[in-house]
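Okay, structure first, notes after.
The values are calculated or read from the model by the stated rules, or taken from the named source; none is laboratory data. Quick caveat: nothing in here was measured; it's all calculated off a predicted structure. Using ideal geometry, Cβ is built from the backbone for each residue, glycine included, and neighbour counts are taken over all protein chains shown.
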């Protein structure tokens, strides 16, 4: 997504929020009463629309490298709908709705960010491990004149043999699928200084 696309989406979200300003407590109380019997009906939808400012507020506060504002806003909207339905179903007072929704949104977004961060770390670790494994495979193939065994690779990498097996299988699966998001990074090995050389500096034949 380009910077202009991002700005356009953000402008769209801001316009949506501005078009649905906060309601007074009397209106909120009336809508909650209606939503209590129909938590996913029109009254609940109206309450959600007029509390979208909470979603944008929370998304802007947490936007960064892991998830951008638009992704966070979508996640926050899911939490907001659930919070409005729960608040109405439980017969909670109108004056507590805003804080209840704000807390629900914060909890949901923090969990979403933690999950996204963990997934990114897993992806980064896999790419890093794949680079290491493939580099050692190339060097040992040249040095030994054959494919290295799992035990030999594990010894060089200081890994457990199971780790070598798992990373090797995942790498093979990724290449078989021609995974466009991963293979370009792995193919860079052939262009990385030293990747085509043995430990004594000779070029890999």
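Restricting 146, 131, 141 to residues that are touching a helix residue (DSSP H, G or I) at 6+ places or on another chain (Cβ under 9 Å), surrounded by fewer than 18 Cβ atoms within 10 Å (Cβ to Cβ), in a helix (DSSP H, G or I) and modelled with pLDDT under 95 narrows the list to 131. Within the span defined as the range 60-71, every residue fails to be outside the structural domain of residue 124 (by TED's automatic domain parsing) and farther than 20 Å from residue 114 by Cβ. Among the helices (runs of 4 or more DSSP H) confined to the range 149-205, the ones with at least 3 residues that are assigned by TED's automatic domain parsing to the domain that holds residue 128 and at pLDDT below 90 are located at 161-176, 183-187.
I'd like to check something: does the range 34-55 contain any residue that is under 19 Å from the mean Cα position of the chain (by Cα), surrounded by 19 or more Cβ atoms within 10 Å (Cβ to Cβ) and in contact (Cβ under 8 Å) with a residue 24 or more places away in the chain?
yes
Does residue 84 satisfy the condition of being in a helix (DSSP H, G or I), buried (at least 16 other Cβ atoms within 10 Å of the Cβ), in contact with a helix residue (DSSP H, G or I) (Cβ under 8 Å, 6 or more places away or on another chain) and outside the structural domain of residue 152 (by TED's automatic domain parsing)? The answer is yes for residue 84.
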